[in-house]
Protein chains: 2
Amino acid sequence: MLSFTEENYLKTIYHLSDSGLKSVLTNEIAEAIQTKPASVTDMVKKLAIKNLISYEKYYGVKITRQGKTEALNIIRKHRLWETFLVEKLGFNWGEVHEVAEQLEHIQSPLLIEKLDEFLGFPSADPHGHPIPDKNGKFKVARQIPLAEAIGKKVVARAVKNSSPAFLDYLSKIGVYIGATLQVIDKMDFDGSLEIQIDAKKKVYISKEASENILVTE
Amino acid sequence: MLSFTEENYLKTIYHLSDSGLKSVLTNEIAEAIQTKPASVTDMVKKLAIKNLISYEKYYGVKITRQGKTEALNIIRKHRLWETFLVEKLGFNWGEVHEVAEQLEHIQSPLLIEKLDEFLGFPSADPHGHPIPDKNGKFKVARQIPLAEAIGKKVVARAVKNSSPAFLDYLSKIGVYIGATLQVIDKMDFDGSLEIQIDAKKKVYISKEASENILVTE
DNA sequence: TTATTTTTTTAGAGTAATCTAAACTTTTTA
DNA sequence: TAAAAAGTTTAGATTACTCTAAAAAAATAA
């Protein structure tokens, strides 16, 4: 069984590697986990011995099939808890991350199965990120940044940046996961967009923001 | 802030001391926490420095006012989570303890307030044990063992022994917290009782069992 | 009240995770 | 392609918690 710390490393490596596609360097992990590169080297060796990642000195790590399975299970738990916090307890979507970071380490397969059922087997968390099923499977519709949907009518599916400040901003202007967004116009001088939400409210959003909202057509 | 381990020691000391009344010896703590007396001595010194207990070498520890507050908060969290697991997720009352042992250490006052509200501010957990409020206050109706309620009509309020085996047995014969129990007869030769549950089903229960069911008149 | 037993503490060591400083590799730059 | 810079690893120390074995204190029995 993995320790709290090992789970955090594994999850971080999975995310940094783009779901296991690329290899990840020591410094990136250190930055993400807020620790020193020397500590990462130590932990990475431990995870390699357990066959969760493969480690080549000086060239970073790649997650193994086994490591991916473990990582997806942690991500599943994280996203189910976030869904619970928002849907059942009434948290704002910007408040849930830190609590879910703790809850994701609770060890009880039965608890997670029952929680999943209680939530109605959701396929995405409050930020629109897909929730892997028991076997680590999930489907993602092809999503594009809102910035690339000029003139189109699309549905908001996820956010790329989950910082509380950004989520707070979105709530204020009325953008939420599931909202229908029509991109009316693009300002040439700064790339900001004029959009209409749910065929009602019209707002302007910055280029930066439009690149962090993922949508489907 | 207290570590996971410190919280477990404090909670255990609180329970062993009868809610802070008596002092508790090193060996009792070691037994309860499944560790060695030498480890207890170390930890007890740490907790004493933090003013959560007072420690007199060779004579055991007493919990302080501050320690009691912390302990009650952990117990509050434990019991709210147990209630959640049974009422919302459909766990059996014998399955919840171990999971709640983990959940009680999650650090988020907001989470606990929202959970409390979601559950409708319950005053007792599924075993009938009182849930302290935010300020550590709770009221206990005067409870007596069923064994002392001969001939009376009472309401089951709590169990003294929370072992899965006992809880399982109670479920099987149909006794639950809140059930109305009428003690019809007491067998002289072994002290077992004939009881009627909710004015319906009649069953025999052993002396042992009747001492572990707490009731109010 | 002395001797024996039981309980508790101390001393010293081990494990997991972390750190700093120094050494070593790789990458970049000139 | 040699020198400088950036990134990574190693060595050795630190903290929190645990343990065993030995020493010390308290409780019990003779």
**Asked** Out of all the residues in segment B:60-99, which are assigned to a loop (DSSP other than H, G, I, E, B) and over 14 Å from the mean Cα position of the chain (by Cα)?
**Response** B:G60, B:T64, B:K88, B:L89, B:G90, B:F91, B:N92, B:E95
**Message:** Can you tell me which of (1) small (G, A, S); (2) within 14 Å of chain A (Cβ to nearest Cβ); (3) on the phi < 0 side of the Ramachandran plot is the one B:A158 doesn't meet?
**Reply:** (2)
**Asked** Considering B:K62, B:K68, which residue is open to solvent by 50 Å² or more (accessible area, probe 1.4 Å), within 16 Å of DNA strand D (Cβ to nearest atom), modelled with pLDDT of 95 or more and more than 11 Å from chain A (Cβ to nearest Cβ)?
**Response** B:K62
**Prompt:** Is there any pair with a first residue in segment B:3-18 that is within 14 Å of another protein chain (Cβ to nearest Cβ) and within 14 Å of DNA strand C (Cβ to nearest atom) and a second that is open to solvent by 20 Å² or more (accessible area, probe 1.4 Å) and hydrophobic (A, V, I, L, M, F, W, C) whose Cβ atoms are under 8 Å apart and which are 6 or more apart or on different chains, and what are they?
**Reply:** B:T5/B:M43
**Message:** Go through (1) within 12 Å of another protein chain (Cβ to nearest Cβ); (2) closer than 21 Å to A:D18 by Cβ; (3) open to solvent by less than 40 Å² (accessible area, probe 1.4 Å) for A:L85 and report which single condition fails.
**Reply:** (2)
**Request:** Could you please find all residues in segment B:100-128 being touching a His at 6+ places or on another chain (Cβ under 9 Å) and within 14 Å of chain A (Cβ to nearest Cβ)?
**Result:** B:A100, B:E101, B:Q102, B:L103, B:E104
**Scan of segment A:191-207 for residues that are at pLDDT 90 or above and charged (D, E, K, R), ordered by number** = A:E194, A:K202, A:K207
**Prompt:** Within segment A:174-212, how many residues are closer than 16 Å to A:H127 by Cβ and assigned to a helix (DSSP H, G or I)?
**Reply:** 2
**Tally, over segment A:121-158, of residues that are aliphatic (A, V, I, L, M), open to solvent by less than 80 Å² (accessible area, probe 1.4 Å) and within 30 Å of A:Q66 (Cβ to Cβ)** = 4
**Prompt:** Is there any pair linking a residue in segment A:21-34 that is farther than 12 Å from A:Y59 by Cβ to one that is more than 10 Å from DNA strand C (Cβ to nearest atom) and in a loop (DSSP other than H, G, I, E, B), with Cβ under 9 Å and at least six apart or on different chains, and which?
**Reply:** none
**Item:** Which numbered condition A:L103 fails, given (1) at pLDDT 95 or above; (2) out of contact with any strand residue (DSSP E or B) (no Cβ under 7 Å at 6 or more places or on another chain); (3) farther than 22 Å from B:Q102 by Cβ
**Value:** (3)
**Prompt:** Does B:L167 fit the bill of being hydrophobic (A, V, I, L, M, F, W, C) and within 23 Å of B:R76 (Cα to Cα)?
**Reply:** yes
**Message:** I want to confirm something. Restricting to segment A:24-59 and keeping residues that are of a type in the set (A, V, I, L, M, F, W, C), open to solvent by 50 Å² or more (accessible area, probe 1.4 Å) and part of a helix (DSSP H, G or I), which single residue is farthest from A:K11 (Cα to Cα)?
**Reply:** A:A38
**Message:** Can you tell me which condition A:F138 does not meet? The list is (1) within 16 Å of the chain's Cα centre (by Cα); (2) farther than 23 Å from A:F84 by Cβ, and all the others hold.
**Reply:** (2)
**Asked** Taking A:I131 and the conditions (1) out of contact with any strand residue (DSSP E or B) (no Cβ under 7 Å at 6 or more places or on another chain); (2) more than 10 Å from chain B (Cβ to nearest Cβ), which numbered condition does it fall short on, given that it satisfies the others?
**Response** (1)
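The values are calculated or read from the model by the stated rules, or taken from the named source; none is laboratory data. Source: prediction; values computed, not measured. Glycine gets a Cβ as well: all are built from the backbone with ideal geometry, and neighbour counts include every protein chain shown. For the accessible areas, the whole protein counts, side chains as well, though only heavy atoms, and no ligand, DNA or RNA atoms are used. Shrake-Rupley method; radii C 1.70, N 1.55, O 1.52, S 1.80 Å.
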